[in-house]
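Worksheet for the structure shown next.
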Amino acid sequence: MCGIAARIAGRMADIGTDLVELMDAQVHRGADSTGFALYGPPRRTGFVVRAVGFNRASLGVDLDDLIKVIRGYGADLESDPTVDEASSAHVSVRLEISELSDIEKWSREADELSHRIEIQSVGRSLEIIKDTGSAADVAGKHGVRGFIGTHGLGHARLATESSVVPTASHPFWARPFPDVAIVHNGQITNYFLLRDRLRRDGYRFMTENDSELIAVWISDRIKAGLDKLQALEQSISEIDGVFTYLISDSDSIGFAKDRWAIKPLVAMGDGGEVAVATEEQAVRRIYAAEGDVVNYDGPALTNTWPVQKAAA
Amino acid sequence: MKDLTVTVGDRPIRQVNAEIRDAVAAGRDVTVTDTKSRHNLAIGMDARANIRFEGSVGYYCGGLNCGARIQVERNAGWAVGEAMSSGEITVGGYAGMSAGTSMLGGLLHIKGNAGPRCGVAMKGGDIIVEGRIGYLSGFMAHAGRIIALEGAGDACADSLWGGEVWLAGPAKSLGVDTRLTEPSAEQVQEVEALLAERGLADSSRDWRKIVSAQRLWHFQSRDAKAWLMI
């Protein structure tokens with residue numbers, strides 16, 4: 001199953017709370033893990049890095065090694081790293097860093113440490129927070145409510161393709177493309193073929209999750225010259241399986257749905273703001289009153305919703 | 001006795017349904033408010049029930065209905081009236097995917113459009129859709145009748161086993177193993193009479209009836225290629 005959601009607030013707002021509500025309303029679709037891709041106030045230079053350390057006890061050493069790699073690419077910490085205060089063995093880390101000279105090369109080198117500390121997202125504004133447990137669990141542990149930003153994605157996972165661990169949860173960052181993330185409801189059946197092709201082109205995948213493919217595949221198509229909508233449309237004929245996924249970057253949120261029209265998606269909103277979710281009852285957490293709901297129920301559909309830049 | 005009003009809001013659905021059942025058992029009609037598109041409302045209601053939902057409902061509303069009259073003022077989510085055996089469900093607006101899944105009897109009346117797979121695996125009863133039915137509607141239905149006044153999406157009546165899909169508008173495409181027929185005057189009269197009961201009389205409709213071509217009844221693996229859609 002799985003449940004997905006997107007929110008564009010139309011202005012700087014508490015998108016953290018909105019997305020927690022959207023996911024809490026869909027907790028019955030999967031509570032193996034829950035995750036959020038949150039777009040905070042965009043930076044002109046430098047990046048926000050989100051990472052997971054696998055051993056809380058050795059975090060100091062692991063983080064020092066990661067910071068060395070960051071300094072190797074001309075960047076430095078702009079503030080002290082913050083970590084969650086939970087008792088789990090794994091630990092979530094947030095870093096604010098200055099401009100990296102080559103994000104692709106840096107990412108490859110930083111990934112050499114991924115058995116100890118794994119990068120979850122890099123962006124001017126993107127922050128991916130994901131962990132095992134329900135929306136309430138993850139929101140409580142990581143303080144998702146109160147996150148101020150422009151837009152974001154949410155995901156409730158019923159694990160099918162890979163392990164129930166924080167790093168195999170959604171959203172997935174489109175490694176190494178800054179600010180690109182996806183959430184996915186469905187099963188991709190030809191992901192290993194497409195992933196192998198992308199690996200030969202130098203991309204790196206961190207999990208055995210089918211969904212990790214989508215973000216990189218779309219970003220690679222856009223890099224090859226397609227616009228976002230063309231890439232979404234092409235994914236319907238080239239990615240096989242039943243799927244509805246949402247993909248976000250700093251400018252917009254888009255979706256694509258397969259030819260079999262199995263996985264639902266609804267949207268509600270107007271005037272530059274929108275709430276999107278697998279189930280209508282979830283968007284009603286944002287818009288309590290009866291209103292016009294768009295049901296994307298048909299086969300082979302795409303759409304994009306712009307993020308108002310003036311509002312940021 | 002006066003109608004009972006039950007409010008949904010964010011209350012547990014089990015509690016809401018228990019209140020609806022208790023009211024029905026006491027012989028009262030029920031109006032349900034603040035429905036918030038929530039799932040699983042009014043499941044398994046019997047012939048004593050007369051229930052009206054103000055607003056939109058979520059998945060499986062009126063599922064397993066055995067005789068109740070249920071009205072939804074606005075939209076319904078997935079599989080409204082799933083496995084209903086008798087009774088009457090009316091949806092004022094749009095009905096999401098798989099409306100009337102595996103219906104055995106009764107009437108499902110949708111005033112707007114219906115999503116994909118309307119009447120999938122249907123085994124009896126009637127579905128009237130005043131708008132269009134979506135992609136793959138009537139898929140693998142065994143019996144019963146789907147009537148769509150404004151036509152159908154792609155792959156209409158795909159793999160139809162039995163039953164009938166009636167269209168008074170165009171189908172984007174027909175599914176595999178279907179046969180397009182001209183209904184007889186008597187058959188048209190029967191369908192028009194059913195529509196007239198619902199206030200939908202119109203003698204000018206140009207009907208087409210889709211039935212099974214029955215080739216899939218005797219599937220041979222050597223013919224598999226003929227059934228591949230992609």
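The values are calculated or read from the model by the stated rules, or taken from the named source; none is laboratory data. What you see is a predicted model; the values in this text were computed from it and never measured. Backbone-built Cβ (ideal geometry, glycine too); neighbour counts: all protein chains shown. The accessibility values were calculated without ligands, DNA or RNA, using every heavy atom of the protein model including side chains. Shrake-Rupley method; radii C 1.70, N 1.55, O 1.52, S 1.80 Å.
Residues that are touching a Ser or Thr at 6+ places or on another chain (Cβ under 7 Å) and acidic (Asp, Glu) were ranked within the range A:211-244; the one that is modelled with the lowest pLDDT is A:ASP240. For the range A:224-271, filtered to residues that are in contact (Cβ under 8 Å) with a residue 60 or more places away in the chain and of a type in the set (Lys, Arg), the residue that is nearest to the other protein chains (Cβ to nearest Cβ) is A:LYS263.
For the range B:160-187, a residue qualifies if it is surrounded by fewer than 19 Cβ atoms within 10 Å (Cβ to Cβ) and in contact with a helix residue (DSSP H, G or I) (Cβ under 7 Å, 6 or more places away or on another chain), and exactly one does: B:VAL176. The residues of the range B:108-122 that are touching a residue at least 24 places away in the same chain (Cβ under 8 Å), surrounded by fewer than 24 Cβ atoms within 10 Å (Cβ to Cβ) and either more than 11 Å from chain A (Cβ to nearest Cβ) or of a type in the set (Val, Ile, Thr) (or both) amount to a single one, B:HIS109.
Residues in the range B:45-66 that are farther than 22 Å from A:ASP292 by Cβ, touching a helix residue (DSSP H, G or I) at 6+ places or on another chain (Cβ under 9 Å) and open to solvent by 20 Å² or more (accessible area, probe 1.4 Å): 3 in all. Selection of the range A:11-30 for residues being buried (at least 20 other Cβ atoms within 10 Å of the Cβ) and either touching a Ser or Thr at 6+ places or on another chain (Cβ under 6 Å) or within 19 Å of A:TYR287 (Cβ to Cβ) (or both) yields A:ILE15, A:GLY16, A:ASP18, A:LEU19, A:VAL20, A:GLU21, A:LEU22, A:MET23, A:ALA25, A:GLN26. Count of the range A:287-297 residues, restricted to those that are crowded, with 17+ Cβ neighbours inside 10 Å and either in contact (Cβ under 8 Å) with a residue 60 or more places away in the chain or facing chain B (nearest Cβ under 9 Å) (or both), is 4. Of the residues making up the range A:272-286, those that are more than 9 Å from every other protein chain (Cβ to nearest Cβ) and either touching a helix residue (DSSP H, G or I) at 6+ places or on another chain (Cβ under 7 Å) or open to solvent by less than 50 Å² (accessible area, probe 1.4 Å) (or both) are A:GLY272, A:VAL274, A:ALA275, A:VAL276, A:ALA277, A:THR278, A:ILE286.
Please indicate, with yes or no, whether at least one residue in the range B:175-191 is under 22 Å from B:ALA76 (Cβ atoms) and hydrophobic (A, V, I, L, M, F, W, C). No, the range B:175-191 contains no residue that is under 22 Å from B:ALA76 (Cβ atoms) and hydrophobic (A, V, I, L, M, F, W, C). Criterion applied to A:LEU113, A:LEU63, A:LEU100, A:LEU95 was being more than 26 Å from A:HIS151 (Cβ to Cβ), out of contact with any Asp or Glu (no Cβ under 8 Å at 6 or more places or on another chain) and buried (at least 18 other Cβ atoms within 10 Å of the Cβ), and the one residue passing it is A:LEU63.
Can B:ARG69 be described as within 14 Å of chain A (Cβ to nearest Cβ) and surrounded by fewer than 22 Cβ atoms within 10 Å (Cβ to Cβ)?
Answer is no for this residue.
Applying the criterion of being in contact (Cβ under 8 Å) with a residue 60 or more places away in the chain and touching an Asp or Glu at 6+ places or on another chain (Cβ under 8 Å) to the residues of the range B:123-157, the residue that is most open to solvent (accessible area, probe 1.4 Å) is B:GLU130.
Being more than 11 Å from chain A (Cβ to nearest Cβ), under 25 Å from B:ASN17 (Cα atoms), out of contact with any Cys (no Cβ under 7 Å at 6 or more places or on another chain) and modelled with pLDDT of 95 or more narrows it down to one residue among B:GLY87, B:GLY96, B:GLY131, B:GLY105; which is it?
B:GLY105
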